[in-house]
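*Asks:* Input: one structure, supplied below.
The values are calculated or read from the model by the stated rules, or taken from the named source; none is laboratory data. Fair warning: this is a prediction, and the values are worked out from it, not measured in the lab. In this analysis, Cβ positions are derived from the backbone assuming ideal geometry, glycine residues included, and neighbour counts consider all displayed protein chains.
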Amino acid sequence: MSLRPYRDIFRRHSKQIMVGNVPVGGDAPITVQTMTNTLTHDAKATIEQILRCEEAGADMVRVSCPDVESTAALKEIIQNVNVPIIADIHFHYKRALEAAGAGAACLRINPGNIGSAKRVAEVVRAAKDNGCSMRIGVNAGSLEKKLLDKYGEPCPDAMVESGLDHIKILEDNDFFEFKISVKASDVFLGVAAYQGLAENCDYPLHLGITEAGALRGGTVKSSIGMGMLLWSGIGDTIRVSLSAEPEEEVKVGFEMLKTLGLRHRGVQIISCPSCARQAYPVIKTVELLEKRLEHISTPLSLSVIGCVVNGPGEAKETDIGLTGGGNGNHMIYLNGMTDHKIGDEGLVEHIVELVEARAAELEEIELEAVKATEDAKATEDAKIAEDAQINE
Ligand code: SF4
């Protein structure tokens with residue numbers, strides 16, 4: 001029984017697969033991915049964008065491979081980035097063979113759309129030979145004609161049936177290293193389809209609300225749809241689809257996971273909306289802090305509250321707290337306790353320094369913990385080896 005059971009999320013049991021060196025499904029952390037929007041054959045621009053996504057925290061990145069020039073650029077791209085690369089293939093099975101050969105960690109391809117059984121077998125062989133996993137990507141906007149004829153329109157049952165049909169094709173080819181998505185731009189349809197699929201298979205699920213819109217609208221829409229699924233334990237990897245730069249998708253994805261306590265990365269800022277009681281410009285301060293603290297990846301919390309109405313209470317729950325006080329006398333809290341006062345001047349700079357120092361402290365603690373675990377393991381291994389020698 002956890003201390004706060006109202007916060008518990010029980011994840012759906014799913015099989016674990018690997019996307020390169022990143023596990024997806026099972027008890028692996030929920031991963032965040034995005035997709036480049038550069039021309040893939042422009043390797044330099046694509047590499048630069050992927051590196052920016054990595055900095056924002058992306059665990060893996062997908063690139064489109066619409067033509068042979070794109071798959072030709074893949075090798076160079078993969079060699080110059082750190083995260084696993086997923087090749088996005090539609091229809092052209094040869095692109096899948098080329099992408100697998102170029103070192104893609106995963107192929108996003110629908111086996112039912114490749115054509116003959118022979119072609120499917122060739123793609124599966126290429127995936128197996130190159131250690132690639134796959135993602136089946138069902139989309140409400142491109143459902144098979146036979147399913148549209150059967151159901152009349154894209155609906156959850158049609159999407160689940162499409163997913164299960166593609167699954168069967170891969171299973172019949174003795175291939176099980178795949179995840180699956182059933183995306184729709186309509187949240188009701190998408191959520192119902194994912195719920196249906198979650199009940200009908202144990203493959204890891206890639207969540208997304210497709211074509212969700214621009215940064216603000218798409219974030220709200222994705223948070224409602226994906227938030228509901230994640231909260232109910234469904235979802236092993238997520239991509240937020242926004243008409244915005246891919247780094248923004250990554251940041252939004254992490255915010256979703258942070259909100260649900262499913263993953264922690266960077267500074268979680270708790271701030272008030274501000275009102276006539278604010279003792280310093282809260283909105284401007286938070287905007288500046290958000291930008292200045294983007295480089296911190298260590299998870300920690302910061303409350304930025306305009307006055308004593310809610311400031312002390314929020315500060316108690318965060319690593320670092322700022323509460324506005326009268327006459328430019330603002331209170332700084334460390335680990336929930338009042339620590340010192342600061343005026344208006346250099347306020348942002350001061351908070352940035354405190355956060356950086358706390359992050360460095362936490363990183364040090366983490367390093368020591370890892371080292372202690374490694375030392376304990378080495379001692380245990382040495383003891384086992386010694387016992388084995390004595391018994392010989
Ligand atoms: S915490 Fe204070 S400044 Fe912020 S919204 Fe509430 S009353 Fe206003």
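*Asks:* Tell me, which helices (runs of 4 or more DSSP H) wholly within the stretch 174-261 include 1 or more residues that are assigned by TED's automatic domain parsing to the domain that holds CYS132, of a type in the set (Asp, Glu) and touching a helix residue (DSSP H, G or I) at 6+ places or on another chain (Cβ under 9 Å)?
*Replies:* Those helices (runs of 4 or more DSSP H) span 187-200, 246-259.
*Asks:* Considering only the stretch 265-277, I want to know if a residue exists there that is modelled with pLDDT under 95, within 13 Å of the chain's Cα centre (by Cα) and not hydroxyl-bearing (Ser, Thr, Tyr).
*Replies:* Checked the stretch 265-277: at least one residue is modelled with pLDDT under 95, within 13 Å of the chain's Cα centre (by Cα) and not hydroxyl-bearing (Ser, Thr, Tyr).
*Asks:* Are there any pairs, at least 6 apart or on different chains, whose C-beta atoms fall under 8 Å, with the first in the stretch 269-282 and closer than 15 Å to MET331 by Cβ and the second of a type in the set (S, T, N, Q) and more than 6 Å from the ligand (Cβ to nearest atom), and if so, which?
*Replies:* VAL282/SER271
*Asks:* Run THR210 past the list (1) surrounded by 20 or more Cβ atoms within 10 Å (Cβ to Cβ); (2) touching a Ser or Thr at 6+ places or on another chain (Cβ under 9 Å); (3) not aliphatic (A, V, I, L, M) and report the number of the one that doesn't hold.
*Replies:* (1)
*Asks:* So ARG52 passes all but one of these: (1) farther than 19 Å from MET134 by Cβ; (2) in a loop (DSSP other than H, G, I, E, B). Which condition number does it fail?
*Replies:* (2)
*Asks:* Taking the stretch 228-247, which residues are surrounded by fewer than 19 Cβ atoms within 10 Å (Cβ to Cβ) and not aliphatic (A, V, I, L, M)?
*Replies:* Those that are surrounded by fewer than 19 Cβ atoms within 10 Å (Cβ to Cβ) and not aliphatic (A, V, I, L, M): TRP231, SER232, GLY233, SER243, GLU245, GLU247.
*Asks:* Still on this structure, I have one more. Do you know which residues across the stretch 82-97 are surrounded by 20 or more Cβ atoms within 10 Å (Cβ to Cβ) and either in a loop (DSSP other than H, G, I, E, B) or of a type in the set (Val, Ile, Thr) (or both)?
*Replies:* The answer is VAL83, PRO84, ILE85, ILE86, ILE89.
*Asks:* Consider LEU334 carefully, then state whether it is among the aliphatic types (A, V, I, L, M), within 15 Å of the ligand (Cβ to nearest atom) and modelled with pLDDT of 95 or more.
*Replies:* In short, no.
*Asks:* Quick check on my filter: what residues within the stretch 262-273 are within 16 Å of the ligand (Cβ to nearest atom), in a loop (DSSP other than H, G, I, E, B) and surrounded by fewer than 20 Cβ atoms within 10 Å (Cβ to Cβ)?
*Replies:* PRO273
*Asks:* Counting only residues that are out of contact with any Asp or Glu (no Cβ under 7 Å at 6 or more places or on another chain) and surrounded by 16 or more Cβ atoms within 10 Å (Cβ to Cβ), how many does the stretch 52-80 have?
*Replies:* Count: 13.
*Asks:* Out of VAL160, VAL138, which single residue is at negative phi, touching a His at 6+ places or on another chain (Cβ under 8 Å) and of a type in the set (Val, Ile, Thr)?
*Replies:* Only one candidate qualifies: VAL138.
*Asks:* Within the stretch 274-315, can you find the residues that are more than 14 Å from the ligand (Cβ to nearest atom) and out of contact with any helix residue (DSSP H, G or I) (no Cβ under 9 Å at 6 or more places or on another chain)?
*Replies:* Scanning the stretch 274-315 gives GLU287, GLU290, LYS291, SER301.
*Asks:* Right, something else. Within the stretch 6-22, work out how many residues are surrounded by fewer than 16 Cβ atoms within 10 Å (Cβ to Cβ) and in contact with a strand residue (DSSP E or B) (Cβ under 8 Å, 6 or more places away or on another chain).
*Replies:* Within the stretch 6-22, residues that are surrounded by fewer than 16 Cβ atoms within 10 Å (Cβ to Cβ) and in contact with a strand residue (DSSP E or B) (Cβ under 8 Å, 6 or more places away or on another chain) number 1.
*Asks:* Also: Please state which one of ALA126, ALA100 is in the same structural domain as GLY25 (by TED's automatic domain parsing), surrounded by 21 or more Cβ atoms within 10 Å (Cβ to Cβ) and assigned to a helix (DSSP H, G or I).
*Replies:* Matching residue, one of ALA126, ALA100: ALA100.
*Asks:* State yes or no: is GLY324 within 14 Å of the ligand (Cβ to nearest atom) and modelled with pLDDT under 95?
*Replies:* So GLY324 does not fit the description; no.
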